[in-house]
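Visitor: Dumping the structure here so I can ask a few things about it.
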Amino acid sequence: MTKKKTKARSRATVDRIEDDVAVLVVDGQQVTRALDTLPPGVREGDVVDLETGTVDAEATESLRAEVRAAREQAMRGKKPPAGDFDL
């Protein structure tokens, strides 16, 4: 019995956008790409399929859900700082 190899899709997460440059995370490494080479309307946190040049909406929402859950878990049992303060 032979195992069928499935090619892993090349995906990147948009870490941040600085002027006309996007900083992407690809396989744990940060790379930069001109913003105009990415899909129109791309924003921080989007997962981009580098093969098709599109935002993977399903992967993006899944990543955002993971981040929300991690943030909520990190904040459990913690109280906000006392007093007034300006950001």
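Every read-out reported here was derived from the displayed coordinates using simple, explicitly stated rules and does not represent laboratory data. Note that the structure is a prediction, hence the values are computed from the model and not measured.
Visitor: Normalised by the residues of the chain, what does the relative contact order come to in percent, with Cα pairs under 8 Å and at least six apart?
Guide: 22 percent
Visitor: What residue among Gly53, Gly28, Gly77 has the largest mean-square fluctuation in a Gaussian network model of the chain, using Cα springs under 10 Å?
Guide: Gly77
Visitor: Among the DSSP beta bridges whose two residues both lie in the chain, what percent are antiparallel, rounded to the nearest 5?
Guide: About 100 percent, rounded to the nearest 5.
Visitor: From the phi of every residue in segment 59-75, what ³J(HN,Hα) in whole Hz does the Karplus formula 6.51 cos²θ - 1.76 cosθ + 1.60 yield, where θ is phi - 60° and glycine or proline is x?
Guide: My calculation for segment 59-75 gives 5, 5, 5, 5, 5, 4, 5, 4, 5, 4, 5, 5, 5, 4, 5, 5, 8 Hz in order.
Visitor: List the residues whose amide H sits under 5 Å from the amide H of Val21, counting only those 5 or more places along or on another chain, with H placed 1.01 Å from N in the peptide plane.
Guide: It is Leu35, by chain and number.
Visitor: When only alpha-carbon atoms count, how far does segment 11-75 stretch along each of its three principal axes, as whole angstroms with the largest first?
Guide: Ordered largest first, segment 11-75 gives principal extents of 36, 22, 22 Å.
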